[in-house]
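Scroll down for the structure; my scribbles are underneath it.
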Amino acid sequence: MSIKRKASLAAAVLLSMSFHFVHASEDLAVLLETHFPQSTLSQQQQLEELNWFAQAAQPLKGMSIKVMSENIATHYYESEVLAPLFTAITGIEVQHDVVRESEVIHQLWLQLISGINEYDAFVNDSDSIGYHFRSGRVLNLTEFMAGIGEDFTSPGLDLDDFIGLDFVRAPDGDLYQLPDQQFANLYWFRYDWFQRSELQQQFRELYGYELGVPVNWSAYEDIAEFFTVYVQQLDGQRVYGHSDYGKRDPSLGWRFTDAWLSMAGAGDPGLPNGLPVDDWGIRMEGCSPVGSDISRGGATNSPAAVYALTTFIDWLDRFAPPESKAMTFEEAGALPAQGNIAQQIFWYTVFTPDMLEEGLPVTHPDGTPRWRMAPSPYGAYWQEGMKLGYQDVGAWTIPAFMSERRQQAAWLYAQFTTSKTVSLQKTLAGLTPIRASDIESEVMTELAPRLGGLVEFYRSQARNSWTPTGINVPDYPRLSTLWWPNIADAIEGLKTPQEALDQLAREQDRAMRVMQRTFQTDLCPPRIAMGDDIRGADYWLSQPGAPKPRMSQEKPPGQTLPYEALMRQWQ
């Protein structure tokens, strides 16, 4: 039974019950045992936490709020289990809509621009943090918690327990969002195939080194070629050494804004994002973006970025299933579970539940995975200290232009869905952990062998090298719409990779120039270089760091490591 269906049944059972928890703690105890048996809190601590929500909500009882989030298992669980529970506890009715991510972005943008609020809160990716703190249109949670939200801030919130707070802070350290779910893009591969002695021998004879987890893009390409060109058939089916997607669709942009350029090594070292040049290729001076074109010191159209896009297209053409070019993110996500993909360089861990369903060709009869996840390989321009990939952090975001009561009610619901009473159970439902205490729990230790490396990744410091879009990007929704049409032009052969990225860099700088004039606050606005301030590509390519000059050898020797050795590094 799917997680979504399980959540629906749980909600139906819940809605058939009536509780007044403050005066009926025995009923609350039954509910906790039924719905939240797994928690890092004792049952008594859970009871105290939920009773706090009931008491704090008394001034808001009878209100109705609407919230929106994207369509992943974690948010179905919130919508169909946690929202009804919250209503039963607090008397605040919650309509929690679950839609495509593009709809979340669009609706939030409409509200922030117009000031007309249909929804009271959103689970919005932290990728928009650069806009949120600059615009003045999103609630500053640090100020809110110290002011009109103080009486509605849980004593058990424990912000230090959240693993993603660095991704939702402004340069001054204030919080503008509260993390609700996290997942990373990691390397995924068929561990069982990589362990076959005959394939190991064949690979060694062809390439001169061991078949294992690729450390760099050169090894990934060799493995992709090996399975697609030389192996071709395994267990009676055609197999491929690579999986991706290339349809002209907004999700195509995610492949690149979700840190493909950083994996190639286009930006600078620095965490959570490269400084002064980040993984979008945008250069910063202080906290202000100053350009993405190479002539302005950016790296969006630099040699390393061209290498990244050229490699992406080459692998898609040569090593992925033929239908991949016509697929979107949602369609391609299911491909590895079908059992004919050897590896994927850029696999979102949010798909983990889909890879664990009974009867899949990628799981053993006992339900354990035939696959594993591992660190992403890096490109030729990557340097130590750079981010290694992307991590999605969906975080509660509350518009600033609403009544205090609506903000307080939305804040209560956001805290409830992330509270320690429910967070571990929610993690088990969607496998998108947000709290260190949940990750380190015995429950996750017992579950780890079934999750193919997910627990080990989140328990390691490696998780800090997978980061979302950062503060360099002053308006994620507006700028992200520029990426996919230009990338699609290159994939379809309408432009060369250099021409497509030149166009993207120009469009991105033009858009930021407009933002420079229209932002309502003077906090870290774009300051795009113009006229005599443009120093030119030759100047910037001669300077240390990004943008980096073209390397004479963009495919160094391939390097792999045994999976177990990589796991020891994570530990």
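A compact table of results
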{"item": "Total residues in the range 399-440, condition in contact (Cβ under 8 Å) with a residue 40 or more places away in the chain and assigned to a loop (DSSP other than H, G, I, E, B)", "result": "8"}
{"item": "Pairs with Cβ under 7 Å, 6+ apart, first in the range 522-539 and closer than 13 Å to Asp293 by Cα, second among the small types (Gly, Ala, Ser) and outside any loop (DSSP other than H, G, I, E, B)", "result": "Ile528/Gly291; Ala529/Gly291; Ile534/Ser295; Gly536/Ser295; Ala537/Ser295"}
{"item": "Count - residues of the range 206-241 that are aromatic (Phe, Trp, Tyr) and under 25 Å from the mean Cα position of the chain (by Cα)", "result": "2"}
{"item": "Failed item, numbered, when Asp222 is tested on (1) modelled with pLDDT under 95; (2) closer than 17 Å to Pro377 by Cα; (3) assigned by TED's automatic domain parsing to the domain that holds Arg196; (4) of a type in the set (D, E, K, R)", "result": "(1)"}
{"item": "Some residue of the range 98-120 being in contact (Cβ under 8 Å) with a residue 40 or more places away in the chain, of a type in the set (Ser, Thr, Tyr) and under 23 Å from Glu33 (Cα atoms)", "result": "no"}
{"item": "Odd one out for Phe122 among (1) part of a helix (DSSP H, G or I); (2) touching a helix residue (DSSP H, G or I) at 6+ places or on another chain (Cβ under 6 Å)", "result": "(1)"}
{"item": "Residues of the range 131-141 satisfying the condition of being more than 20 Å from Ala57 (Cα to Cα) and either part of a helix (DSSP H, G or I) or at pLDDT below 95 (or both)", "result": "Tyr131, His132, Phe133, Arg134, Ser135, Gly136, Arg137"}
{"item": "Breaking point among (1) among the small types (Gly, Ala, Ser); (2) modelled with pLDDT of 95 or more; (3) over 21 Å from Trp466 (Cβ atoms), for Ala334", "result": "(2)"}
{"item": "Matching residues in the range 100-143 - criterion: being polar (S, T, N, Q) and surrounded by fewer than 24 Cβ atoms within 10 Å (Cβ to Cβ)", "result": "Ser102, Gln107, Gln111, Ser114, Asn117, Ser135, Asn140, Thr142"}
{"item": "Residue among Phe167, Phe203, Phe194 that is crowded, with 18+ Cβ neighbours inside 10 Å and under 27 Å from the mean Cα position of the chain (by Cα)", "result": "Phe167"}
{"item": "Selected residue (only one of Ser262, Ser295, Ser302 is modelled with pLDDT under 95 and either polar (S, T, N, Q) or at positive phi (or both))", "result": "Ser262"}
{"item": "Residue count for the range 240-291, restricted to those that are hydroxyl-bearing (Ser, Thr, Tyr) and in contact with an Asp or Glu (Cβ under 8 Å, 6 or more places away or on another chain)", "result": "4"}
{"item": "Residue tally, condition of a type in the set (A, V, I, L, M) and assigned to a strand (DSSP E or B), over the range 87-104", "result": "3"}
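Residue-by-condition table, conditions (1) out of contact with any helix residue (DSSP H, G or I) (no Cβ under 7 Å at 6 or more places or on another chain); (2) aromatic (Phe, Trp, Tyr); (3) assigned by TED's automatic domain parsing to the domain that holds Glu101; (4) assigned to a strand (DSSP E or B):
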residue	(1), (2), (3), (4)
Thr311	no, no, no, no
Glu323	yes, no, no, no
Ala337	no, no, no, no
Gln344	no, no, no, yes
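Table: residues versus (1) at pLDDT below 95; (2) closer than 20 Å to Ala305 by Cβ; (3) in the same structural domain as Phe401 (by TED's automatic domain parsing).
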position	(1), (2), (3)
Leu504	no, yes, no
Asp509	no, yes, no
Met512	no, yes, no
Arg517	yes, no, no
Leu523	yes, no, no
Ala529	yes, yes, no
Asp533	yes, no, no
Ala537	no, yes, no
Lys548	no, yes, no
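The values are calculated or read from the model by the stated rules, or taken from the named source; none is laboratory data. These figures come from a predicted structure and were not determined experimentally. Neighbour counts are summed over all protein chains in view; Cβ atoms, including those assigned to glycine, are modelled from backbone coordinates with ideal geometry.
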